[in-house]
Amino acid sequence: MSKNIKNLLSSLKNALLINSENIIISKNYKTLDTLNTLYKNGFIQSYKICYKKIIIFLRYLNNKSPFKTFKFLIKTINSKNLSFKNICKLSNKNATLFISTPKGLFTTTDCKKKKISGKTFFLLK
């Protein structure tokens, strides 16, 4: 996993734990890809690019985060390569699994629509 993406996800997790309204991170292509996926799936309110920094505005509903559990799966025993067939067997009812693919970062729903496989990345509940 990219150091920048790990820093982004750690910063998000910590900011949500303390109910911060926004965070500021360094700008790079991989973090933008991850932010686009999080925004598209409703996990962050929005983000704004300011020169070499990105300001991320976090989403809360009644002062609660949109997810309770945030778990890194990459570089652990739990990290697995998933074929398209295995992704189709996964249920999205209780959690959102993010999968790293050659085409970028996607949720299981996106992988099913695009018929692509990849490696488990992180999980949001």
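Among residues of segment 34-59 that are closer than 14 Å to Leu9 by Cα and free of Cβ contacts under 8 Å to residues at least 24 places away in the same chain, those with a beta-carbon under 8 Å from a residue that is surrounded by fewer than 20 Cβ atoms within 10 Å (Cβ to Cβ) and polar (S, T, N, Q) at least six positions away or on a different chain give the pairs Tyr39/Ser46. Residues in segment 7-66 that are assigned to a loop (DSSP other than H, G, I, E, B) and touching an Asp or Glu at 6+ places or on another chain (Cβ under 9 Å): Asn41, Tyr60.
In this structure, does Thr108 turn out to be in contact with a helix residue (DSSP H, G or I) (Cβ under 6 Å, 6 or more places away or on another chain), touching a residue at least 12 places away in the same chain (Cβ under 8 Å) and among the β-branched types (Val, Ile, Thr)? First the steps, then the outcome.
Numbers: in contact with a helix residue (DSSP H, G or I) (Cβ under 6 Å, 6 or more places away or on another chain): yes; touching a residue at least 12 places away in the same chain (Cβ under 8 Å): yes; among the β-branched types (Val, Ile, Thr): yes.
Spelling it out, Thr108 is indeed in contact with a helix residue (DSSP H, G or I) (Cβ under 6 Å, 6 or more places away or on another chain), touching a residue at least 12 places away in the same chain (Cβ under 8 Å) and among the β-branched types (Val, Ile, Thr).
If you go through segment 78-123 and keep only what is of a type in the set (A, V, I, L, M, F, W, C) and either surrounded by fewer than 19 Cβ atoms within 10 Å (Cβ to Cβ) or touching a His at 6+ places or on another chain (Cβ under 9 Å) (or both), you end up with Phe84, Cys88, Leu90, Ala95, Ile116, Leu123.
Candidates are the residues of segment 13-30 that are out of contact with any Ser or Thr (no Cβ under 9 Å at 6 or more places or on another chain) and among the polar types (S, T, N, Q); the one that is farthest from Lys125 (Cα to Cα) is Ser26.
Could you check, for segment 6-22, whether at least one of its residues is outside the structural domain of Thr101 (by TED's automatic domain parsing), surrounded by 14 or more Cβ atoms within 10 Å (Cβ to Cβ) and among the β-branched types (Val, Ile, Thr)? There is no residue in segment 6-22 that is outside the structural domain of Thr101 (by TED's automatic domain parsing), surrounded by 14 or more Cβ atoms within 10 Å (Cβ to Cβ) and among the β-branched types (Val, Ile, Thr). In segment 55-66, what residues are modelled with pLDDT under 80 and buried (at least 16 other Cβ atoms within 10 Å of the Cβ)? Passing the criteria: Ser65, Pro66.
The values are calculated or read from the model by the stated rules, or taken from the named source; none is laboratory data. Keep in mind the model is a prediction, meaning the values are calculated, not measured. Note that each Cβ is placed from the backbone with ideal geometry, even for glycine, and that neighbours are counted across all protein chains shown.
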